[in-house]
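Structure, as structure tokens:
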Amino acid sequence: MNQVFFKLFILGFVSVLFFNVTVSAQVLAVTDKSEAHANRIRSTINANREIVNYIEYTLVSRGLPRHLRNLSLLESGFANSSVSHAGAVGIWQIMPAHADDHGLSQVDRADVYRSTQAAVNSLTRMYNKYRDWITVLAAYNCGEGNIAKAMAKAGSKNYEDYYLYLPNETTNSIRKYINACYVTGELDDLLRNTRKSPAKSKVKGAQAFRSKAKSVTVEGSVNGSLLKTQINSGYDLGVIAEFLSTTLSNINKWNPDIVSKLKQKSEVTFYLPAEEMALFESNKNKILRLSLLR
């Protein structure tokens, strides 16, 4: 009886551990990899190259990442005449109160240059406060007050924990931003600070569990102790193995017939243990770039 209870306890622990890691990966996952979406993003950027160049120049000169240009892209499509139903104006969709807080006149919200300076000031201040671009972007959308409430309810400052308490409009805006950064090749830069702490803690948790219960298996399940994601034929399995500090034989053991599957389909399901998956997901774009260079 005690042995049965112990196995049930271990299985429950496994389920909770891997469910949490999987959900966390999905919260910050790319949800639109279609060519149509990529073309829309690229064409909007290329059609507004003069404004984009000014935004990027301003961002870089202030020590901010270029990917923040995607905020203006998604807020307004770089249209300075854009006005939302809530009264936000300009390429950065600045609300009246936000303009007042940053010394911007109501008319100047539609001025590309002055509104960009105000937006950059706001983004800089919030990054100094949160040290995490996902949280900054969420705060830009719903306000710092709502972020504080969400963090308090979740008892955590990690987006993966408190996002459940944010408005749907805000979580949708984050999802769109992640998709845009995937297209512009800047997803690693966006998620670097966001995933740093959570990934480490989850890896340590998985390692601790394995050291205590590495002989326990889930009977009758396929890949019961593995997490799954999607990869395409652009990925080189050797590069993946090297980056994850594992062997190609392990990759093949976790993914039987993976080589033939990649030849037959444009995208396949890919399995990894928890700690390897955390590292893979947070460096997916980098691994793909290295694969394409091989």
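The values are calculated or read from the model by the stated rules, or taken from the named source; none is laboratory data. Since the structure is predicted, the reported quantities are computational estimates derived from the model, not experimental observations. Here Cβ is always computed from backbone atoms with ideal geometry, including for glycine, and neighbour counts include all displayed protein chains.
Numbers at a glance
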{"item": "Qualifying residue in segment 62-78 (condition: modelled with pLDDT under 95, more than 18 Å from LEU190 (Cα to Cα) and touching a helix residue (DSSP H, G or I) at 6+ places or on another chain (Cβ under 7 Å))", "result": "no"}
{"item": "Test: ASP108 is charged (D, E, K, R) and in contact with a Lys or Arg (Cβ under 8 Å, 6 or more places away or on another chain)", "result": "yes"}
{"item": "Residues that are in contact with a helix residue (DSSP H, G or I) (Cβ under 7 Å, 6 or more places away or on another chain), part of a helix (DSSP H, G or I) and either among the small types (Gly, Ala, Ser) or surrounded by fewer than 20 Cβ atoms within 10 Å (Cβ to Cβ) (or both), drawn from segment 280-294", "result": "SER282, ASN285, LYS286, LEU290, SER291"}
{"item": "Matching residues in segment 87-122 - criterion: being in a loop (DSSP other than H, G, I, E, B) and either farther than 18 Å from ILE51 by Cβ or of a type in the set (Phe, Trp, Tyr) (or both)", "result": "GLY87, TRP92, MET95, HIS102, GLY103, SER105, GLN106"}
{"item": "Segment 44-61, subset of a type in the set (S, T, N, Q) and in contact with a Phe, Trp or Tyr (Cβ under 9 Å, 6 or more places away or on another chain), residue surrounded by the most Cβ atoms within 10 Å (Cβ to Cβ)", "result": "ASN48"}
{"item": "Output for segment 78-135, where each listed residue is in contact (Cβ under 8 Å) with a residue 40 or more places away in the chain, closer than 17 Å to THR58 by Cβ and loosely packed, with under 15 Cβ neighbours inside 10 Å", "result": "TYR113"}
